[in-house]
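Just below is one structure, and these are the notes that go with it.
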């Protein structure tokens, strides 16, 4: 959904993609469905042990070894399963979201294309090694490297300052509504990406693609 539907095409110079949920399919269920025989226990584990608020701290720069150790001390009966989270992290990747990734090269014919992602600095290199589209980006800002996470306004300004991006000349695409709201406040044009949204169709309808 295009939230601030006021794109002036002559002004648009930059396209900025989030990664997880927009360009890359990442889901811990891909790994833990192999580990747990009981779906209810798997769901309990992901909701209460290796939970979102724990994982986001790694995206904010906490070392993986420290994060793993802290959680294993808190939940010793799940020591082995917690260890798998980063030991087998690549098994959480379901591949690229091809219908969106294939837009990068044609967009680069008209715009600078960047990435702005909440991601651990230790795991992103694994994804970069696996997926070629990273080579087509003009630059990325990674939360784990900056010790800042979206929707904190400061990480958007890292992108702005590092690459000379003007918010009002840029389209930001993310699947998280809070991240979109912050981008809107700063002045970015935005698309809140959801699973039922055909991004290519929307970009064509706005004459962006």
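Here, each number is a calculation from the coordinates, and none is a lab measurement. Just so it is clear, the model here is predicted, and its values are computed rather than measured. When we count neighbours, we look across all protein chains shown, and the Cβ atoms used for this are built from the backbone with ideal geometry, even at glycine.
Normalised by the number of residues in the chain, the average gap of Cα pairs under 8 Å and 6 or more apart makes the relative contact order 32 percent.
When peptides 91-104, 21-34, 126-139 are sorted by average Cβ neighbour count within 10 Å, with the highest value leading, the order is 21-34, 91-104, 126-139.
Computed from Cα atoms, the angle from the helix 64-74 axis to the main principal axis of the chain rounds to 40 degrees.
Compared with the dominant principal axis of the Cα atoms in the chain, helix 39-48 is inclined by about 70°.
In this rough spin-label picture, where each label sits 7 Å from Cα along the Cβ direction, the residue 136-residue 99 distance is 1.7 nm.
When 186, 140 are arranged by Cβ crowding within 10 Å, least crowded first, meaning fewest neighbours, the order is 186, 140.
The ranking of 204, 40 by Cβ neighbour count inside 10 Å, starting from the fewest, reads 40, 204. The calculated FRET efficiency for the pair residue 53 and residue 153, based on their C-beta separation and a Förster distance of 22 Å, comes to about 0.60.
Estimated purely from DSSP H runs of n ≥ 4, each contributing -39500 (n - 2.57), the mean residue ellipticity at 222 nm for the chain is -11500 deg cm²/dmol once divided by its residues. All C-alpha to C-alpha distances of segment 26-93, sorted into 10 Å bins beginning at zero, yield P(r) values of 20, 61, 18, 0 percent in whole numbers.
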